[in-house]
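Enquirer: This structure is in structure tokens; I'll ask about it shortly.
The values are calculated or read from the model by the stated rules, or taken from the named source; none is laboratory data. Predicted model, so just to flag it, every value in this text is computed and none were measured. Don't worry about glycine lacking a Cβ; one is built from the backbone with ideal geometry, like all the others, and counts go over all protein chains shown.
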Amino acid sequence: MAAARPKVLEAHGDRREDPYYWLREKDNPEVIAYLEAENSYTEAVTAPTAALRERLYREIVGRVQETDTSAPSYFRGYWSYTRTVEGLDYEIYCRRAESMKSPEQVTLDGNELAKGHDYFELGFVESTPDQNVVAYAADYTGAELFELRFRDLDTGRDLTDVLHDVYYGFAWASDNQTFFYVKADAAMRPFQVWRHELGAPAENDALVLQEDDERFELSVEPTKSERYIVFSSSSQLTAECRFIPADEPLVEPVLIEPRRHGIEYSVDHQEDRFLILTNDGALDFRLMAAPVSSPGRASWAEVVPERDGVRLNFTDVHQSYVVLGERAEGLQRLEVLDSATGAIQVVEQPDAAYTAFPGSNPVYESEVMRFFYTSLTAPFSAVDYNMRTRERTLVKEQPVRGGYDRADYVTERVWATAPDGVRVPISLVRRRDVHLNGGNPTLLYGYGAYELSNDPMFDPARLSMLDRGFVFAIAHVRGGGEMGRGWYEDGKFLNKTNTFTDFIACANHLIDHGYTSARKLAIRGRSAGGLLIGSVLNLRPDLFGCAVAQVPFVDVVTTMLDETVPLTVNEYEEWGNPNDVEYYEYMKGYSPYDNVRAARYPALLVTAGLNDPRVSYWEPAKWVAKLRAANQDGRPLLLQTQMGAGHSGPSGRYESWREEAFITAFILSELDGSAT
């Protein structure tokens, strides 16, 4: 499978320090021509898989209930839900007054909003407390800077208010007129919270807070009770919060507890107290309470202590109960705290390996919480759980068309052993009739950063691989949050290489225990997971049959030395500051771009987004160019850049499915050598 490489791909290789540095020049027409030439080259090389791609796309669409409705939730007189329509890309936001049998009112139609735009994404949609106006933020480029508008739900028309370059984060005040929003600086760091009054010119908006420390980001959100608005300033290691009463939007925010390096806390409200989730005195966090009238640390009293092996990572606060989200035994599980008695109950689940997280019950006074449940074999389901009676009600399960039967598949949790003796969990799924003969094509997925957990979840698109005899596996490597705060800290800063050696240990485990062979093993990761892929390819290019790296963070040293690049300075507390020679040398030792070497690299597909504010397009572009120059194997090294999108890839669901079909076809053709 080969195609002639366009001559433009060979140009501009004469810079001594970094021959591909010029690819950073986004406004240079030659850079755009280069990326377009790469896209043409990728399309030419993968042309033999065109029929397979189309077949896979049809399979994916054939498993999705294209016309569908989400589980509705009731709040302040309305049942709200979203629905999708066959042939349309975007969700339609709807509500019905009092009963689901009442006439439907469309509040926002994403398909109408997207007309005339190549890219469209809603950042948030939030109604006023009286449910009469909805604020919605739309991104038309993928750059994650939004145009904020307000729609009168009685007339269905947008108000004249328009705010530009708004970031994530919002809160309505109780007066239904005052709206708080966030702005980002030139480096895409959310650093300001502003206050807007409906009907007033945007130039009259008031600056409420500004964060000048480049390590910190500002956010704003209401408490679930809607009685307070909380302003949080946080870095990777440290946080502080302020609050105002929601019915006093003009007052100065009150500081709860000043920041102290290494101490994190977040705040929600329950009756006469604030509930504070913190690592102050607890590596894996504990839950504290303080009176609203005296919220500082001196008044904090312990509600739920730190528990061995349990990382408490979020709360969902109701009037009489608190839902505790936690990591335990490598799983995301739920517990319920009865605030009156202090009793804690585990919400039992049916699968050995699963993911459960709170859902969309916005009613603070309710004793029913909604949670979502999924596993590698269980489609997403919405469940209402009565926290007093423990009664469960299945509200909706994700339909899977095409005759899916979860009994045909088996999921496992196995453990690899890292070079330092640490046991690393792996979640697996395969068809029940797939035998462990050492020859099964296998896809190993990984991430491993920011304490984010790569939880086992159902994906109907994955069935196309499983039904062709694949094993799918997730490596829960250090740097993620699957096994608690210590698991995260053992995979960051000067421990970062544990992430990569953990992943290699997982690959070896799959090979040694008969799941697959090196030639039949594919690997995949996205963003920081793309860094993982790049690093392990440099360490063990012989261990894999092919690899996919989506929007990969691969030019670590160059990016982290450039404070003008979005998100760099506040990432020092994740990766380290390369202006410190110790961190510089350590980063340079694992940075994928800096460690490309003469080797037989496996087939590789790399994606990028021209408007990506998180991983600049030039990182994957430079990496592929350097790999081509060093590679001693003739297998394809391909770059595909979305020229009108950002970090998340295509925005429409049909184009997203086509991208997934393209990636799956690449893996199938490279591992099996066929297009079936």
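Enquirer: Find the residue count for segment 67-102, including only residues that are surrounded by fewer than 16 Cβ atoms within 10 Å (Cβ to Cβ) and part of a loop (DSSP other than H, G, I, E, B).
Expert: 11
Enquirer: Take T411 and tell me if it is exposed (fewer than 12 other Cβ atoms within 10 Å of the Cβ) and β-branched (V, I, T). Reasoning before the result, please.
Expert: Details: exposed (fewer than 12 other Cβ atoms within 10 Å of the Cβ): no; β-branched (V, I, T): yes.
The answer is no for T411.
Enquirer: Additional query: I need the full set of residues from segment 418-441 which are outside any loop (DSSP other than H, G, I, E, B) and out of contact with any helix residue (DSSP H, G or I) (no Cβ under 6 Å at 6 or more places or on another chain), in order please.
Expert: In the first step, residues of segment 418-441 are kept if they are outside any loop (DSSP other than H, G, I, E, B); the result is 423-431.
Answer for segment 418-441, where residues must be outside any loop (DSSP other than H, G, I, E, B) and out of contact with any helix residue (DSSP H, G or I) (no Cβ under 6 Å at 6 or more places or on another chain): R423, P425, S427, L428, V429, R430.
Enquirer: Which count do you get for residues in segment 344-357 that are more than 15 Å from R390 (Cα to Cα) and part of a strand (DSSP E or B)?
Expert: Of the residues in segment 344-357, 3 are more than 15 Å from R390 (Cα to Cα) and part of a strand (DSSP E or B).
Enquirer: Here are some residues: R430, R370. Which one is out of contact with any Leu (no Cβ under 6 Å at 6 or more places or on another chain) and not assigned by TED's automatic domain parsing to the domain that holds A507? Walk me through how you get there before you give the answer.
Expert: Working: R430 fails: not assigned by TED's automatic domain parsing to the domain that holds A507.
On inspection, the qualifying residue turns out to be R370.
Enquirer: Given the criterion modelled with pLDDT of 95 or more, over 21 Å from K396 (Cβ atoms), of a type in the set (S, T, Y) and assigned to a loop (DSSP other than H, G, I, E, B), identify the matching residue among T315, T341.
Expert: Details: T315 fails: assigned to a loop (DSSP other than H, G, I, E, B).
T341 is the lone residue from the list that is modelled with pLDDT of 95 or more, over 21 Å from K396 (Cβ atoms), of a type in the set (S, T, Y) and assigned to a loop (DSSP other than H, G, I, E, B).
Enquirer: Within segment 503-531, track down each residue that is of a type in the set (A, V, I, L, M, F, W, C) and out of contact with any Cys (no Cβ under 6 Å at 6 or more places or on another chain). Spell out the reasoning first.
Expert: Start the filter on segment 503-531 by keeping residues that are of a type in the set (A, V, I, L, M, F, W, C), which leaves 503-507, 510-511, 518, 521-523, 528, 531.
Result: F503, I504, A505, C506, A507, L510, I511, A518, L521, I523, A528, L531.
Enquirer: For the list (1) in a loop (DSSP other than H, G, I, E, B); (2) at pLDDT 95 or above; (3) charged (D, E, K, R); (4) over 30 Å from N132 (Cβ atoms), I need the number of the one condition that R16 fails.
Expert: Going through (1) in a loop (DSSP other than H, G, I, E, B); (2) at pLDDT 95 or above; (3) charged (D, E, K, R); (4) over 30 Å from N132 (Cβ atoms) one by one, R16 breaks only (2).
Enquirer: If I ask for residues that are under 24 Å from the mean Cα position of the chain (by Cα) and farther than 13 Å from P456 by Cβ, which ones from segment 330-363 would you list?
Expert: L334, E335, P358, G359, S360, N361, P362, listed by residue number.
Enquirer: If I filter segment 176-232 down to residues being assigned to a loop (DSSP other than H, G, I, E, B) and among the aliphatic types (A, V, I, L, M), which single residue comes out as nearest to A135 (Cα to Cα)? Step through it out loud before you land on a result.
Expert: Taking segment 176-232 and keeping what is assigned to a loop (DSSP other than H, G, I, E, B), we get 176-177, 185-189, 198-201, 205, 211-216, 223-227.
Subsequent filtering for residues that are among the aliphatic types (A, V, I, L, M) retains 186-188, 198, 200.
Details: A186: 24, A187: 25, M188: 22, L198: 11, A200: 15 Å.
By that ranking, first place goes to L198.
Enquirer: Taking interchain pairs and intrachain pairs at least six residues apart, which have beta carbon atoms under 7 angstrom, with the first residue in segment 377-393 and surrounded by 14 or more Cβ atoms within 10 Å (Cβ to Cβ) and the second of a type in the set (G, A, S)?
Expert: Close Cβ pairs satisfying both conditions: A382/A71; A382/G359.
Enquirer: Within segment 398-412, can you find the residues that are more than 19 Å from A353 (Cβ to Cβ) and among the small types (G, A, S)?
Expert: G402, G403, listed by residue number.
Enquirer: Considering only residues that are hydrophobic (A, V, I, L, M, F, W, C) and assigned to a helix (DSSP H, G or I), look in segment 49-64 and name the one that is farthest from F662 (Cα to Cα).
Expert: Taking the candidates together, the pick is V61.
Enquirer: List the pairs whose first member sits in segment 206-222 and is free of Cβ contacts under 8 Å to residues at least 40 places away in the same chain, whose second member is among the aromatic types (F, W, Y) and surrounded by 14 or more Cβ atoms within 10 Å (Cβ to Cβ), and whose Cβ atoms are under 8 Å apart, counting only residues at least 6 apart or on separate chains?
Expert: Partner pairs satisfying both residue conditions: A206/W194; L207/W194; Q210/F191; E211/F191; D212/F191.
Enquirer: What pairs can you find where one residue is in segment 78-90 and at negative phi, the other is of a type in the set (F, W, Y), and their Cβ atoms are less than 7 Å apart, with a gap of 6+ or different chains?
Expert: T82/Y93; D89/Y654; Y90/F120
Enquirer: Could you please give the count of residues in segment 143-175 that are within 27 Å of S233 (Cβ to Cβ), of a type outside the set (A, V, I, L, M) and not in a strand (DSSP E or B)?
Expert: Total meeting the criteria: 3.
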